[in-house]
2 protein chains.
Amino acid sequence: MMNESVILELQRATHATLHLLMTELADLDLTASEINALGNLADGVERTASELGAAVGSRPATLTGILDRLERRGLIVRGPRQGDRRAVQISLTPQGDQTAALIRRALTDIEDRTLAGIPADAVAGAGVVLRALTGAAR
Amino acid sequence: MMNESVILELQRATHATLHLLMTELADLDLTASEINALGNLADGVERTASELGAAVGSRPATLTGILDRLERRGLIVRGPRQGDRRAVQISLTPQGDQTAALIRRALTDIEDRTLAGIPADAVAGAGVVLRALTGAAR
DNA sequence: TATTGTTATACTCTATAACTATA
DNA sequence: TATAGTTATAGAGTATAACAATA
């Protein structure tokens, strides 16, 4: 057989999980990219726009629109970055923090449910492969 | 730490590899979704539009546009499906087959290069996890 | 009645390039 | 000069719903 490209499987899995995530979180009325951004911010670590862009895989120009909507809805705030006045620091508002926690819980739920019967070393291997593929683009 | 969600890593890896792939195949002047569709068709197996949609993770309405462009460029052909006249059979033209082979080679190159130092069982584990995540959405 | 695929609409994502402000 | 982020533009992806043809 031929259809075993990891990258093609990667894209299938991304589409499938993203769709599942948006269905479960439909009440939040957020797009996939907005969910992705909040999911990355959920750890409470403040990031500059470019750092967040690297984490979510969006270009600066794309991220501007995503952040515009999240800010307009009161989920994040743009502020100054100490020591570099060109950079924009992104922080969650209390409401954004609450929403991000819901997203984190949905992510964990889906992962727990999906990977229940799968050996821990397979999951660990997946992490290694995903990070290698992510790193390859630099 | 908190930022170790497999799904978030999945999205990062997808963005990164897709970007890399489009850069390497810039000469083809194809979008990510078009590359994805041709990459899935590269095995020479004919598929209906809905089967291809499931493989690439696109909805029917989205796929229509993707197929429109691929057909206009002479890379695929839409034909009838034996036994079900509602369905549309997608086949590669000779030119499409050639393009699909280039995509396959680029995919293989990236994967070989990226996963060179990674143990085979980690790669196998990644496959298991990716298929589990893909299957969870059903 | 249900399914396959297309069309229509509105919105979001994307790439690119030009721009402002800081460094 | 280089970097961080925004703006502008055009094209592509997305969800949704309505539709035609076929099952």
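The values are calculated or read from the model by the stated rules, or taken from the named source; none is laboratory data. For clarity, every value in this text was computed on a predicted model and none was experimentally measured. With ideal geometry, Cβ positions are generated from the backbone for all residues, glycine too; neighbour counts draw on all protein chains shown.
Please pick out the residue among B:Leu28, B:Leu63, B:Leu8 that is under 23 Å from B:Glu111 (Cα atoms), within 14 Å of chain A (Cβ to nearest Cβ) and at pLDDT 95 or above.
None of the others qualify; the one that does is B:Leu8.
For the list (1) within 14 Å of another protein chain (Cβ to nearest Cβ); (2) surrounded by 13 or more Cβ atoms within 10 Å (Cβ to Cβ); (3) of a type in the set (S, T, N, Q), I need the number of the one condition that A:Thr23 fails.
Every condition holds for A:Thr23 apart from (2).
Condition check: within 14 Å of another protein chain (Cβ to nearest Cβ), more than 10 Å from DNA strand C (Cβ to nearest atom), acidic (Asp, Glu) and part of a helix (DSSP H, G or I). Does B:Asp109 satisfy that? Please lay out each step first, then the result.
Numbers: within 14 Å of another protein chain (Cβ to nearest Cβ): yes; more than 10 Å from DNA strand C (Cβ to nearest atom): yes; acidic (Asp, Glu): yes; part of a helix (DSSP H, G or I): yes.
Answer is yes for this residue.
For residues that are closer than 24 Å to A:His19 by Cα and among the β-branched types (Val, Ile, Thr), scanning just segment B:55-81, find the one that is nearest to DNA strand C (Cβ to nearest atom).
Looking at residues that are closer than 24 Å to A:His19 by Cα and among the β-branched types (Val, Ile, Thr), I get B:Thr64.
Of all the residues that make up segment B:1-49, how many are over 15 Å from the mean Cα position of the chain (by Cα), hydroxyl-bearing (Ser, Thr, Tyr) and assigned to a loop (DSSP other than H, G, I, E, B)?
Residues that pass the stated criteria total 1.
Which pairs turn up if I take residues in segment A:75-89 that are within 25 Å of A:Asp29 (Cβ to Cβ) and look for partners that are buried (at least 16 other Cβ atoms within 10 Å of the Cβ) and aliphatic (A, V, I, L, M) with beta carbon separation below 6 Å, at least 6 apart in sequence or on another chain?
So the pair list comes out as A:Ile76/A:Leu70; A:Ile76/A:Ile90; A:Ile76/A:Leu92; A:Arg78/A:Val88; A:Val88/A:Ala49.
Residues are listed down the side, and each one gets a yes or a no for (1) within 23 Å of A:Ala32 (Cβ to Cβ); (2) surrounded by fewer than 15 Cβ atoms within 10 Å (Cβ to Cβ); (3) touching a Leu at 6+ places or on another chain (Cβ under 8 Å):
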residue	(1), (2), (3)
A:Leu52	yes, no, yes
A:Gly65	yes, yes, no
A:Asp68	yes, yes, no
A:Arg85	no, yes, no
A:Pro94	no, yes, no
A:Arg104	yes, no, no
A:Leu130	yes, no, yes
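In segment A:66-82, is there at least one residue being within 14 Å of another protein chain (Cβ to nearest Cβ), out of contact with any Gly (no Cβ under 8 Å at 6 or more places or on another chain), of a type in the set (A, V, I, L, M, F, W, C) and assigned to a helix (DSSP H, G or I)?
Scanning segment A:66-82 turns up at least one residue that is within 14 Å of another protein chain (Cβ to nearest Cβ), out of contact with any Gly (no Cβ under 8 Å at 6 or more places or on another chain), of a type in the set (A, V, I, L, M, F, W, C) and assigned to a helix (DSSP H, G or I).
State the number of residues belonging to segment A:53-62 that are closer than 13 Å to B:His15 by Cβ and either without any contact (Cβ under 8 Å) to a residue 24 or more places away in the chain or touching a strand residue (DSSP E or B) at 6+ places or on another chain (Cβ under 7 Å) (or both).
Initial filter on segment A:53-62 (closer than 13 Å to B:His15 by Cβ): A:53-59, A:62.
Filter again for either without any contact (Cβ under 8 Å) to a residue 24 or more places away in the chain or touching a strand residue (DSSP E or B) at 6+ places or on another chain (Cβ under 7 Å) (or both), leaving A:53-57, A:59.
Qualifying residue count for the region: 6.
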